[in-house]
Amino acid sequence: MKLSFPADALWQQVQKMGAVKAEYTLDSVLKDPPPPIVTTPEGLDVPLDEVTTPGGLLGYDGAQVVLYIPDHGKKIDTVLAQGDKGNRVHIANCQTLDDMRRKKRFQRYRAVVNITGDFEVFGFSMSRNRDVEGKARLQVCINCLKHLNYKGYLTESSRKREIIINSFSLKEFFAENSTLFRYLPTAFTERKSGYTDDWKNVSQSYRTRQNFTCESCRVDLNQHKYLLHTHHSDGNKRNNHSSNLIALCADCHRKQPLHDHMFIKASDMALLQKLRQQQGLLNSNSDWEDIFQLIDPPYEGLVRLYRKNNVMKPEVGYEITDDQGQVIAEVELAWPDDKFAITKSEDQKMVLAKIDWTAQTLQEALYSH
Ligand SMILES: [Zn+2]
Ligand SMILES: [Zn+2]
Ligand SMILES: [Zn+2]
């Protein structure tokens with residue numbers, strides 16, 4: 001079968017960038033052809049029962065989507081001029097969607113993989129006395145930010161809340177949540193090169209000098225060298241002076257400014273957290289601030305709520321073992337004394353129930369707040 005996805009062209013791009021980059025950027029995207037929605041810029045009108053809610057977010061066919069109502073009726077003239085007067089864009093399975101679902105009004109929603117912030121809208125123009133369509137810069141739904149406690153929306157001051165709304169970026173949001181979804185928006189895979197020809201060697205020798213240890217979180221990656229990247233501090237990929245280089249693990253790297261094109265696979269994130277836990281860099285003795293910094297972003301809002309509610313600090317990246325010492329689950333958050341964990345999947349919950357652990361999915365945990 002011939003794939004319509006331009007895998008060959010992408011691999012050529014990747015090879016130009018050097019194999020080290022290729023290992024973590026594109027392999028999970030290239031394994032399978034993406035579902036149609038990923039390559040459909042205008043989105044699809046999808047029924048609610050086909051929208052999944054991993055981690056309390058919105059998914060369709062394994063891809064992360066957002067939902068909005070494109071029909072603006074007689075408001076359309078205003079909305080085309082001022083996007084912030086338009087319908088809000090849902091990024092999570094929030095209270096508003098719950099209400100709509102109960103009223104069975106969900107069929108009016110459109111699901112789209114949109115990282116630009118510009119949305120197709122239509123309606124009836126009173127000034128022109130006919131149906132019109134166009135693009136509008138719609139704003140994010142506040143209930144969604146609350147539902148996720150996004151960047152601490154509920155737990156921060158009102159001044160900070162305003163900043164969270166005004167600086168909200170769909171691209172950043174999609175990148176942050178890559179571990180919950182199988183596919184990325186195709187825009188994430190259109191990568192620019194720009195490295196010098198000797199970059200591969202420069203990077204290799206720099207990381208060797210750093211003993212394959214992340215200069216930010218200090219995780220030792222000697223056994224998993226592909227997870228250590230060399231980052232250009234000034235953003236200039238051709239400035240390879242050692243004072244401009246910094247060795248960062250894939251997670252610390254993606255959290256750098258202007259790195260919202262970078263994503264991390266769930267399995268790589270789980271491995272990094274396990275190593276940080278084993279190496280004593282991230283556990284219940286860590287400061288809350290360190291936990292916020294180093295946690296996989298989908299869990300950050302929940303952990304901020306836990307601190308606010310005086311919950312004990314969790315173990316992060318915890319391996320749960322059975323009586324025989326066999327590892328049966330790796331979870332992002334665990335309270336071993338209480339035998340309680342937050343998991344990504346229902347399946348994992350059932351596995352844990354067999355050894356008398358209680359677990360909540362991330363989505364359930366967000367709802368219980
Ligand atoms: Zn919402
Ligand atoms: Zn790191
Ligand atoms: Zn970088």
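Brief remarks follow.
- The combined condition, being in a strand (DSSP E or B) and either out of contact with any Asp or Glu (no Cβ under 8 Å at 6 or more places or on another chain) or hydrophobic (A, V, I, L, M, F, W, C) (or both), is fulfilled by residue 246.
- Residues of region 124-139 that turn out to be open to solvent by 10 Å² or more (accessible area, probe 1.4 Å) and within 26 Å of the chain's Cα centre (by Cα), as a count: 4
- Within region 44-73, considering residues that are at pLDDT 90 or above and of a type in the set (Gly, Ala, Ser), the one farthest from residue 365 (Cα to Cα): 73
Results for (1) in contact (Cβ under 8 Å) with a residue 24 or more places away in the chain; (2) touching a Leu at 6+ places or on another chain (Cβ under 7 Å); (3) closer than 19 Å to residue 175 by Cβ, shown as yes or no for each residue.
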position: 197; (1), (2), (3): no, no, no
position: 202; (1), (2), (3): yes, no, no
position: 210; (1), (2), (3): yes, no, no
position: 215; (1), (2), (3): yes, yes, no
position: 221; (1), (2), (3): yes, yes, no
position: 235; (1), (2), (3): no, yes, yes
position: 250; (1), (2), (3): yes, yes, yes
position: 253; (1), (2), (3): yes, no, yes
position: 265; (1), (2), (3): yes, no, yes
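- Checking residue 149 against (1) open to solvent by 20 Å² or more (accessible area, probe 1.4 Å); (2) within 19 Å of residue 308 (Cβ to Cβ), the condition it does not meet: (1)
- Annotation: of all residues in region 121-141 being in contact with a Ser or Thr (Cβ under 9 Å, 6 or more places away or on another chain) and hydrophobic (A, V, I, L, M, F, W, C), the one that is nearest to ligand 2 (Cβ to nearest atom) is 141.
- Filter pass, residue 42 being open to solvent by 40 Å² or more (accessible area, probe 1.4 Å) and under 24 Å from residue 182 (Cα atoms): yes
- Options 225, 200, 160; residue that is farther than 30 Å from residue 43 by Cβ, surrounded by fewer than 18 Cβ atoms within 10 Å (Cβ to Cβ), within 16 Å of ligand 3 (Cβ to nearest atom) and not assigned by TED's automatic domain parsing to the domain that holds residue 307: 200
- Subset of region 85-123 [modelled with pLDDT of 95 or more and open to solvent by 70 Å² or more (accessible area, probe 1.4 Å)]: 85, 88, 120, 122
- Region 241-253: number of residues that are in contact with a helix residue (DSSP H, G or I) (Cβ under 7 Å, 6 or more places away or on another chain), farther than 14 Å from residue 206 by Cβ and within 11 Å of ligand 3 (Cβ to nearest atom): 1
- Test result for residue 289, in contact with a helix residue (DSSP H, G or I) (Cβ under 9 Å, 6 or more places away or on another chain), within 24 Å of residue 176 (Cα to Cα) and away from ligand 1 (no atom under 16 Å from the Cβ): no
- Scanning region 163-177 for residues that are open to solvent by less than 30 Å² (accessible area, probe 1.4 Å) and either among the charged types (D, E, K, R) or within 16 Å of ligand 3 (Cβ to nearest atom) (or both) gives a single hit, 175.
The values are calculated or read from the model by the stated rules, or taken from the named source; none is laboratory data. No experiment lies behind these values; they were computed from the predicted model shown. So basically every Cβ, Gly included, is an ideal-geometry build from the backbone, and we count neighbours across all protein chains shown. Surface accessibility is based on the protein's heavy atoms, side chains included, excluding ligands, DNA and RNA. Shrake-Rupley method; radii C 1.70, N 1.55, O 1.52, S 1.80 Å.
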